[in-house]
Structures are given as C-alpha cells and as structure tokens.
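Below: the structure, in structure tokens.
None of the figures in this text is laboratory data; all of them are computed from the coordinates on show. Predicted model only: the values in this text are computed from it and were never measured. Please note: Cβ atoms are built from the backbone with ideal geometry, for glycine as well, and neighbour counts cover all protein chains shown.
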Amino acid sequence: MDEKKYKIFPILFLAFFRVALGVAIGLAVPIYLISINLEPEFIGIITSGTAMAYLFSPLLFRNIHKKLGLKMTLILSSSGFLLIQIIIQFTLDPWVIYILLIADGIFLGFFWPDLMNIISIISNQKQYYKNEQEKNKLMKSYSLAWNLGGVFSFIMGTILLFLIDNNLIMFNFALIFAIIGVIFAFLIQNPDNDVKSEIVIPPDNGLKCIPIEDEVSFPLYIPLMIIGIYGFLIGGVGLAYPLKSDLLSYAVFTNYLFYAIRLASQTTTIAKSMDFKLNRIKKVLPYSTAIIIFTLVLMAFNQNLIMFGVLFFIFGTFLSFHYVLSFKLIVFKNIAENTSKYSAYFETMVGFGFFFAPIVLGFVVNLGIDIGFLFLASLCILSLIFYLLKRKKITIQT
C-alpha cells in the first residue's frame with residue numbers, strides 16, 4: 001500500500017470522538033446516579049453495563065468485518081452509538097440507561113478491535129514493517145488520538161460545569177460527538193490486507209518484532225493480565241472518587257478537572273514511552289506499579305482538593321506504562337502471526353477490568369469509601385508480585 005493513498009486521519013478522528021463520547025457519559029452517568037441518591041452497589045452495576053457487554057462482544061463479533069468489511073462495521077457501530085445517545089435525550093431512567101450501556105458495549109465489540117485491526121494491517125505495509133520508527137509513530141498517533149479525545153471531553157466538562165452547574169449538559173454533548181463519529185466512519189477506507197513477502201512469520205507462539213531488530217517471546221497471559229489491571233484500576237477509581245467527592249462536597253466540575261489531569265498526564269507519558277524499547281518498559285513497570293500503590297493509599301486518606309489534583313497526575317503518569325507494554329506486545333504479536341485475534345483478546349481484558357471494577361467497588365465502598373481505595377492498592381500489590389514472578393518469561397534479545 002502506498003502510504004500517500006491511505007488516509008490515516010479518519011481513523012484518528014474516529015478514535016478521538018468515540019473516547020470523547022465515552023468520557024462525556026462515562027462520568028456523567030455515575031454523577032447523575034449519585035445525585036438521585038441511588039445506592040453505591042446499584043450505581044456500580046449500572047455503570048458496568050458497557051464493560052459487561054464488552055467482555056464477550058469483541059470475541060463474539062471479531063469476524064463480522066470479514067462479511068461486512070472493516071469500513072461497514074465501523075459505520076454500523078458508530079450509528080449504534082448515535083442511536084443510544086438519541087434515546088438518552090428522552091429518558092434518564094437508571095435501568096434504561098443500564099440497557100443502553102449494555103448496547104454500547106455490544107457496539108464497541110466491533111469498533112475498537114476493528115480500529116486496532118486496521119492499525120495492525122497498516123503496520124504490515126512496506127513503509128512501516130521496514131521502519132520501526134515509522135511503526136512506533138503510527139502507534140503513537142493512534143494512542144494520542146483516543147487519549148486526546150478523553151482529555152478534550154474532560155476539559156470541556158470542567159469548563160461547562162464551572163459555568164453551568166448542571167451535569168446533564170454532558171449528555172447533549174455526547175450526542176454531538178456521536179454525530180461527528182458517524183461522519184468520520186463514512187470517511188474510513190478499507191486497507192489492503194496483502195502480506196508482503198519480506199515479512200517473517202515465526203513458527204512458534206513467540207513474538208518476533210518486524211523489522212527483526214528485537215526478538216521477543218512471552219506467554220500471552222502476561223500482557224492480558226497487565227491490561228486487565230489497567231482497566232480495573234481506572235474503573236475502580238472512576239467509581240470511588242466521585243463518591244468521595246460527593247462526600248467531601250466538592251463542586252461537580254472538579255471530577256472532570258481531575259480526570260482531565262489524569263488523562264493528560266497519561267497521554268503525555270504514552271506519547272513519550274511508546275518510543276521506548278520493550279526491555280526498558282519491562283524494567284520500569286515494577287517501579288511505576290509501586291508508585292501507583294502509594295498514590296492509591298494517599299487517595300484513601302487525603303481530603304485536600306489540591307492534593308487530589310497532584311495524585312491524579314501521578315496516577316495517570318505511572319499507570320501509562322501498563323498500557324504501553326501490553327499494547328506494543330499485542331500489536332507486535334498480531335503483526336508476527338498475521339492475525340487480528342489478539343486485538344480482540346486485548347479489548348476483552350480491558351472490558352474485564354472495567355466491568356468488574358465498579359461492581360466490586362460498589363459493594364466494597366459500603367464498608368467505607370476509603371476502603372475502596374485501599375482495596376485497589378491491595379490488588380495492585382498482588383499484580384506487582386505476580387509480575388515480578390513472571391517477568392523473566394518476557395525474553396528480549398536485541
């Protein structure tokens with residue numbers, strides 16, 4: 001494929017506005033449910049709707065693009081997101097929202113895996129597989145796109161809710177983002193999936209980076225465990241903090257402000273660390289995990305508004321290494337084996353974390369909101385021990 005003939009920008013904008021949409025309703029829903037005094041366990045169940053469906057939808061619909069084409073499946077999923085937002089404009093009944101969030105997770109099942117599939121296919125093309133720097137640039141652009149979509153939506157929410165103290169306005173902007181998403185879905189091109197003869201497909205289940213500057217092998221469960229923890233921590237804090245913010249009587253806009261800080265720091269770190277060699281990220285991960293543990297403990301006991309801003313910045317910065325390591329391993333494995341199935345596994349584990357986090361935290365915080373943060377720190381400790389025991393299985397030869 002000639003790089004000049006393939007338009008990358010619709011992919012990037014589609015990822016941008018889908019995350020902007022997800023952020024707009026992802027925080028607006030729990031804040032709304034808290035405002036109508038719904039019990040935490042029910043809030044956890046309802047907000048887990050998208051992730052619950054996302055547990056199985058990437059695997060269930062992973063082959064739909066083979067029948068409809070990548071472009072058509074993205075148009076279909078984006079249209080589904082739009083229909084959901086139209087319905088929300090007419091009702092905010094908690095259990096209707098739950099059903100709509102489940103539908104959202106179903107459509108996500110053939111949205112994100114197909115976007116990652118396109119990225120993997122493009123990475124197999126001549127201008128990328130012969131140039132690791134270009135391949136890293138492509139992955140960085142994709143990661144930046146969806147991260148910046150979240151940052152944009154959080155900042156917009158901060159400004160709007162600072163001026164207008166009405167969280168429901170975020171549902172209106174979610175509708176706008178959904179409309180824009182459909183437009184960019186129609187601009188997507190179906191990429192050429194022809195494999196170049198120079199690509200070397202390894203005969204075993206290990207991973208060989210293309211171009212072969214590094215040889216990497218690892219058990220698949222390691223990156224899947226890492227990205228699962230990543231999703232669980234974000235989902236857990238996503239429920240625990242709004243509850244603590246309400247308890248401390250913070251203004252609603254501060255929720256969006258701190259999440260903007262978290263995602264902005266995450267975006268910056270991902271952009272910088274995506275160029276790191278895998279061996280470097282592998283060594284950094286234990287230290288970043290230790291800092292995350294300490295940060296969650298401080299969140300449990302802190303009551304200072306400004307300090308929360310600092311803690312969210314640290315949380316986003318060091319949790320980024322979980323995403324970068326798992327994302328690069330999964331994409332390289334897709335390339336090495338000329339497949340897209342690992343993208344579905346990756347997205348399923350993200351859904352696994354986001355699904356269980358609000359449900360589990362919804363019950364844990366009944367014992368105390370601070371206990372919720374300490375529970376997340378304890379889980380992080382277990383993941384650190386697991387990684388330290390298994391990291392030698394990630395072998396990297398330069």
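Rounded to the nearest 10 degrees, what's the angle between the helix 341-364 long axis and the longest principal axis of the chain, both from Cα atoms, 0 to 90?
With both axes taken from Cα atoms, the answer is about 20 degrees.
Could you work out [θ]222 nm for the chain from helices alone, using -39500 (n - 2.57) per DSSP H run of at least four and dividing by all its residues? Round to the nearest 500 deg cm²/dmol.
Per the formula, -25500 deg cm²/dmol.
Taking only Cα atoms, what is the 0 to 90° angle, nearest 10, from helix 253-273's long axis to the longest principal axis of the chain?
The angle comes out near 20 degrees.
I need the phi-derived Karplus couplings for the range 299-306: 6.51 cos²θ - 1.76 cosθ + 1.60, θ = phi - 60°, integer Hz, Gly and Pro marked x.
4, 5, 9, 6, 10, 8, 4, 5
Tell me which residues come under 5 Å, amide H to amide H, from S217 once H is placed; ignore anything under 5 positions away on its chain.
HN-HN under 5 Å from S217: L207, T395.
Treat each spin label as a single point 7 Å out from the Cα along the C-beta direction, and report the K137 to D275 distance in nm.
Calculated label separation equals 1.1 nm.
Going by the alpha-carbon gyration tensor, a ≥ b ≥ c the square roots of its eigenvalues, is the range 274-363 rounded (a/c under 1.5) or, if a/c is not under 1.5, prolate (a/b greater than b/c) versus oblate?
Working: a/c = 3.25, a/b = 1.59, b/c = 2.04.
Here the range 274-363 falls in the oblate category.
Quick one: Karplus J couplings for the range 36-44, per residue in order, coefficients 6.51, -1.76, 1.60, θ = phi - 60°, nearest Hz, x for Gly and Pro?
9, 6, 6, 5, x, 5, 6, 4, x
Suppose the chain between S249 and M72 were pulled fully straight at 0.36 nm per residue; how much longer would it get relative to their current alpha carbon spacing? Don't skip to the answer; put the middle values down first.
Values: separation 177, 0.36 × 177 = 63.72 nm, distance 4.61 nm.
Length gained, S249 through M72: 59.1 nm.
So which of K71/K272; K7/K283; K67/K333; K7/K333 end up more than 28 Å apart by C-alpha? It would help to have the intermediate numbers written out before the result.
On the way: K71/K272 30 Å; K7/K283 36 Å; K67/K333 24 Å; K7/K333 24 Å.
Exceeds cut-off: K71/K272; K7/K283.
Each residue of the range 309-320 in order: what ³J(HN,Hα) in whole Hz does its phi give by Karplus 6.51 cos²θ - 1.76 cosθ + 1.60, θ = phi - 60°, with x for Gly and Pro?
Calculated HN-Hα couplings, in order: x, 5, 5, 5, 4, 5, 4, x, 4, 8, 6, 4 Hz.
Treating the angle as unsigned and between 0 and 90°, give the value, to the nearest 10°, between the Cα long axis of helix 169-187 and the longest Cα principal axis of the chain.
Around 20 degrees separate the two axes.
So, in nm, how far is label I385 from label F90 when the simple model puts each one 7 Å beyond its Cα toward the Cβ?
Modelled inter-label distance: 5.3 nm.
Using unit Cβ charges (K, R positive; D, E negative) and no other charged atoms, how large, in debye to the nearest 20, is the dipole of the chain about its Cα centre?
Details: 29 positive and 22 negative charges, 231 e Å.
So the magnitude is around 1100 debye.
So for the pair I183, N366, with labels modelled 7 Å out along Cα→Cβ, what separation do we get in nm?
Taking the two extended label points, one gets 4.6 nm.
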